[in-house]
1. Taking 7 Å along the Cα-to-C-beta vector as the label spot, tell me the R86-S34 distance in nanometres, rounded to one decimal.
2. Roughly how many nanometres apart are two label points built 7 Å out from the Cα toward the Cβ at E94 and R71?
3. Taking the mean number of other Cβ atoms within 10 Å as a proxy for protection, how do you rank 30-40, 49-59, 72-82 from highest to lowest?
4. D48: net charge of surrounding residues, Cβ under 13 Å, Lys/Arg +1, Asp/Glu -1, itself excluded?
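Here, each number is a calculation from the coordinates, and none is a lab measurement. Note that the structure is predicted; figures quoted are calculated from it, not measured. A quick note on method: Cβ atoms are made from the backbone with ideal geometry, for glycine too, and the neighbour counts reach across all protein chains shown.
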Amino acid sequence: SIAKFWSPVLLTNINHNTNSRYSADFEEIETLGSGAFGEVVKAKNRLDSRIYAIKKIKLQSGSGREKRILREVTTLSKLHHSHIVRYYQAWIEEVSQPAS
């Protein structure tokens, strides 16, 4: 169950590049689920060796989704309930697209 994992949120269109905080801080283990906004992955933190569920969301400029996603992050940061996975942090990464 995803509830047993810690849950930071990652807002990005990440491509696992060398300048990535995600790539530097986490070792991705497996995909837990996916949907219209992105995916949730199980990852191990390289520093504390804990397992986290990370929600990766692809942002597109001008899509109008950005405000809704940031509102979700703000709401999650305020929630403390035994039936809601705990929120820890969010960040945005700018990444380059792979060469074609």
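1. Label-label distance for R86 and S34, simple model: 3.0 nm.
2. 2.7 nm
3. Working: 30-40: 13.1, 49-59: 17.5, 72-82: 11.0.
Packing order, densest peptide first, comes out as 49-59, 30-40, 72-82.
4. Values: positive: K44, R46, R50; negative: D25, E27.
Net local charge, D48 excluded: +1.
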